[in-house]
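The values are calculated or read from the model by the stated rules, or taken from the named source; none is laboratory data. What you see is a predicted model; the values in this text were computed from it and never measured. A quick note on method: Cβ atoms are made from the backbone with ideal geometry, for glycine too, and the neighbour counts reach across all protein chains shown. Please note that ligands, DNA and RNA were not included when accessible areas were found on the heavy atoms of the full protein model with its side chains. Shrake-Rupley method; radii C 1.70, N 1.55, O 1.52, S 1.80 Å.
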Amino acid sequence: MRAGFAIDAGGTAPAGAVSAEMPLYYGEHGFLNMQAGIGLADFTTLENSFSTSFSTTYNRILNGYRRDLCRPAPDHNKFELYLETGLALSTFHPRTFYAGKNRLRYHFHQMGIIGLRTHYVSPKWIYTFKIRATPLLTPDIQFWAGASAGIGWR
């Protein structure tokens, strides 16, 4: 995959986001991926609900097959399954989730990422679907989860 776009619900994007992703490095058993998105932290009100997210993940192939690099190949596997692990940084207003805190600025929130990523590989496109657990790495530990669907090109 050279690059792709996805729609995220939950996870690194508290309510939802549109994100772009690009693989940085392909290895024998997986690939390193970078993702950035813009979205909303709360769909009920637009006040203080703007959010951004950035993540870097390593995706290790689970249904591997013999070949030199971890590159999509429709003639080998139409479906690829990956274990996705990584870190993310999101920004959103604290009043969105922490009621009673009257801070007037956006905060950075660090998250861990663990999940499953699937690829359906066609000759021209790669269709992706991700399910992630994204615990917040802050003193007020919260556990989030999310899903994502997207498309990438070869």
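Net charge near GLY16: determine it from the other residues with C-beta under 15 Å of the C-beta of GLY16, scoring Lys and Arg +1 and Asp and Glu -1.
Details: positive: LYS130, ARG132; negative: ASP8, ASP42.
Around GLY16, the surrounding residues sum to 0.
In the complete set of protein chains, residue-level accessible area for ARG154 is approximately 90 Å², probe 1.4 angstrom.
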